[in-house]
Amino acid sequence: MLNKLFGWLRRGPKLPSVNAAELEKALKKRQTVVLDVRTPGEFAQGHIPGAKLMNLQEPDFAEKISKLDKEKEYYVYCRSGQRSQQAGKKMLKQGFTQVFNLAGGLMAWRGNLKKTTIMPKNPGGPMMR
């Protein structure tokens, strides 16, 4: 039993995953926020419409997520699901309770993608939409 407890402490809380169809359904809810945790360059090449850029690689990522509304439902994705897994776990550690990882990341997404041609002057600045 102690191994289980200490194992959980080392790994942190488990982040639930959803598939692309489940995310599409969630997008219809008012309280849903989709976070793209890739780099600004990746985001510009194509992202899920309505997603907000929240670059996991920025040094102030933890500070930025701490300012988000903990009452909302968050769906986090990256290219393959690895970075979003890390980002989601950081959110859970900060007290978010409704965080879901898109299994397979953007590679699993079959819906439309939105491209952005204007890059922010300060990639660590305001979130792009």
So which residues in the stretch 27-68 are buried (at least 17 other Cβ atoms within 10 Å of the Cβ) and touching a Gly at 6+ places or on another chain (Cβ under 8 Å), if there are any at all? V34, I48, N55, E58
Flag if G88 is modelled with pLDDT of 95 or more and on the phi > 0 side of the Ramachandran plot: no
Would you be able to tell me the number of residues in the stretch 28-38 that are over 12 Å from the mean Cα position of the chain (by Cα) and under 30 Å from P59 (Cβ atoms)? 1
Please enumerate the residues belonging to the stretch 47-92 that are out of contact with any Phe, Trp or Tyr (no Cβ under 9 Å at 6 or more places or on another chain) and aromatic (F, W, Y). F61
Out of the residues in the stretch 86-110 that are assigned to a helix (DSSP H, G or I) and within 8 Å of the chain's Cα centre (by Cα), which is surrounded by the most Cβ atoms within 10 Å (Cβ to Cβ)? G88
The one condition G81 fails out of (1) of a type outside the set (D, E); (2) surrounded by fewer than 14 Cβ atoms within 10 Å (Cβ to Cβ); (3) modelled with pLDDT under 95 is (2)
Here is a list of conditions, (1) touching a residue at least 40 places away in the same chain (Cβ under 8 Å); (2) surrounded by 15 or more Cβ atoms within 10 Å (Cβ to Cβ); (3) out of contact with any strand residue (DSSP E or B) (no Cβ under 9 Å at 6 or more places or on another chain); (4) part of a helix (DSSP H, G or I), and E24 meets all of them except one; can you say which number that is? (2)
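The values are calculated or read from the model by the stated rules, or taken from the named source; none is laboratory data. Everything quoted here is computed from the prediction, not taken from an experiment. Quick reminder, even Gly has a Cβ in these numbers, built from the backbone with ideal geometry, and neighbours come from all protein chains shown.
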